[in-house]
Amino acid sequence: MNWNEAIALLHGSDWKHAKIGLLRMRDLMQILGNPQKELKFIHIAGTNGKGSTCSMTRSILTKAGFKTGLYISPHLYSFNERISIDGVDISDSDLSRLALTVKKAIGKLNEEPTDFELITAIAFLYFKEQCCDYVVLEVGMGGRLDATNIISASAVSCIMSIGLDHTEFLGDTEEKIAEEKAGIIKRGSDLVVLHQKQSVMDVIRKHFDRVNAENPNHPKLLVTDPESLHIISRSLSGQVFSYHGISDIRLNMLGEYQVRNAMAAIDIALLLRKHGVGISDEVIMRGISEARWPGRFELLSQNPVVIIDGAHNPDGVNALIGSIETFLPDTKINFVMGVMKDKDYHTMLRLISPYAESFTTELPYSARGLDPEVLKKEIGEYFEGPVQTASSVTDAVDKALARTRENGAPVICFGSLYQVADIRNYFLTDFQENLSSYDIS
């Protein structure tokens, strides 16, 4: 099996029409020898923020000298990004070889697995054969019935920001979604929770207490502590903060929310330290400073200011707004927006429109993408300023930059992770080659 055949296999199932549950995954992993049972996991769920926190946690563990796997979704450029060890993506040959192993196992099942279940199985096989000390495992959707929740234990579990997304599968309130995310909590395993609204915290704490009722091991539930956070400096070149007595931590990721994500990663490291894992303050500082997570309030150009953010649901847009107010206060924005049909773009538009100077709509590269003309019409319900459509993602950026030359406002591209790679590629190639024509100084 070559790489293209492997990718075809892994994209061959329609998860939205599959029966929800872990039965297929249990049967598949049983056939494959249950490699997940021989691994130590940091299991991270949440509506937003989990990817960044996974990246920071992996970086800290790698800097501490541990061979650390990372499993994420989706990818930006190459499918191989989803499975990596110490920052190095799985090779084409290893991906193809393990896909063939999984394909052979499928024939012994009564029901065909989803693509995410197959990818997760490959990741577990790879991390086991490469003898990883730890695996940082990002939940795909929800938690309780997510394929990653086949694991029976975790060194630390973590639940990040809870918001409304995938409501048709997870529930129509934040509290119902929190209950699904809390399904990753394991008896005897410590838990880190991002500090957030009380009703969500109550659901998670209640589930934690229920899972650990009469547990003699007394696992720790640690909530990130905003009172222990001190922001030293913030600018478009980075952020510096102190947390839990660790001073002058540099975070190169922008985004007001990234400091909160870093707090969770630090708390994970501190819990591991309490259990005898060798992670010093210096290692935590180096891990945070060297972590990268493209496409999340990422500065692509300083002059003019162009930022890309993967906000694709109301919770993500609220986080984006927090970053705008922090890094670009009292500034109107030329927005480039593309969004999926199944997202709550009405709420997204209601939230973001007060910050807009203009909108340019485009179609992200996905069958689920919303037509730019439809999005333009919807924007008109919330915004009275200029709105234009574009024929492609890069055309949208060009049109937004033309607006910037007229009004001097920054450009922020948001609405879907599916457009991040195209926009980043554009700024690494064509835009840089023609930088002088865009300079608005």
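Of note:
- Unique match (being closer than 30 Å to Gly278 by Cα, modelled with pLDDT under 95 and surrounded by fewer than 22 Cβ atoms within 10 Å (Cβ to Cβ)) among Ser73, Ser52: Ser73
- Listed conditions (1) within 16 Å of Cys54 (Cα to Cα); (2) modelled with pLDDT under 95; (3) not acidic (Asp, Glu) are all met by Thr173, apart from (1).
- Selection count, region 29-51, where residues are part of a loop (DSSP other than H, G, I, E, B) and in contact (Cβ under 8 Å) with a residue 40 or more places away in the chain: 6
- Among the residues of region 189-217, the ones that are over 14 Å from Ile162 (Cα atoms) and loosely packed, with under 13 Cβ neighbours inside 10 Å come to 7 in all.
- Any hit, region 86-93, residues being modelled with pLDDT of 90 or more, crowded, with 16+ Cβ neighbours inside 10 Å and more than 22 Å from the chain's Cα centre (by Cα): yes
- Taken over region 96-142, the criterion of being part of a loop (DSSP other than H, G, I, E, B) and polar (S, T, N, Q) is satisfied by Asn110, Thr114, Gln130.
- Residue pairs meeting the criteria (Cβ under 6 Å; at least 6 apart or on separate chains; first under 20 Å from Arg350 (Cβ atoms), in region 317-332; second aromatic (Phe, Trp, Tyr) and part of a loop (DSSP other than H, G, I, E, B)): Ser323/Phe297
- Residue in region 116-137 that is closer than 20 Å to Leu221 by Cα and either of a type in the set (Ser, Thr, Tyr) or surrounded by 21 or more Cβ atoms within 10 Å (Cβ to Cβ) (or both) present: yes
- Residues of region 118-155 that turn out to be of a type outside the set (A, V, I, L, M), within 17 Å of Phe79 (Cβ to Cβ) and modelled with pLDDT of 95 or more, as a count: 5
- Just one of the listed residues (Glu357, Glu373, Glu406) is acidic (Asp, Glu), crowded, with 18+ Cβ neighbours inside 10 Å and either in the same structural domain as Asp309 (by TED's automatic domain parsing) or touching a His at 6+ places or on another chain (Cβ under 6 Å) (or both), namely Glu357.
- Tallying residues that are touching a Lys or Arg at 6+ places or on another chain (Cβ under 7 Å), of a type outside the set (Ser, Thr, Tyr) and under 23 Å from Gly183 (Cα atoms) within region 50-76 yields 2.
- Any hit, region 354-361, residues being of a type outside the set (Gly, Ala, Ser) and over 17 Å from Val306 (Cα atoms): yes
- Meets criteria (touching a strand residue (DSSP E or B) at 6+ places or on another chain (Cβ under 7 Å) and surrounded by fewer than 24 Cβ atoms within 10 Å (Cβ to Cβ)) for Leu320: no
- With respect to the stated conditions, Ser242 is more than 22 Å from the chain's Cα centre (by Cα) and not assigned by TED's automatic domain parsing to the domain that holds Pro386.
- Residue within region 363-385 that is polar (S, T, N, Q) and in a loop (DSSP other than H, G, I, E, B) present: yes
- Any hit, region 306-317, residues being surrounded by fewer than 21 Cβ atoms within 10 Å (Cβ to Cβ) and either outside any loop (DSSP other than H, G, I, E, B) or among the hydrophobic types (A, V, I, L, M, F, W, C) (or both): no
- The conditions of being without any contact (Cβ under 8 Å) to a residue 60 or more places away in the chain, of a type outside the set (Gly, Ala, Ser), under 30 Å from Phe414 (Cβ atoms) and not in a loop (DSSP other than H, G, I, E, B) are not met by Met263.
- Residue within region 271-289 that is surrounded by fewer than 19 Cβ atoms within 10 Å (Cβ to Cβ) and in contact with a helix residue (DSSP H, G or I) (Cβ under 6 Å, 6 or more places away or on another chain) present: yes
The values are calculated or read from the model by the stated rules, or taken from the named source; none is laboratory data. Just so it is clear, the model here is predicted, and its values are computed rather than measured. Note that we place each Cβ from the backbone using ideal geometry, even for glycine, and neighbour counts take in every protein chain shown.
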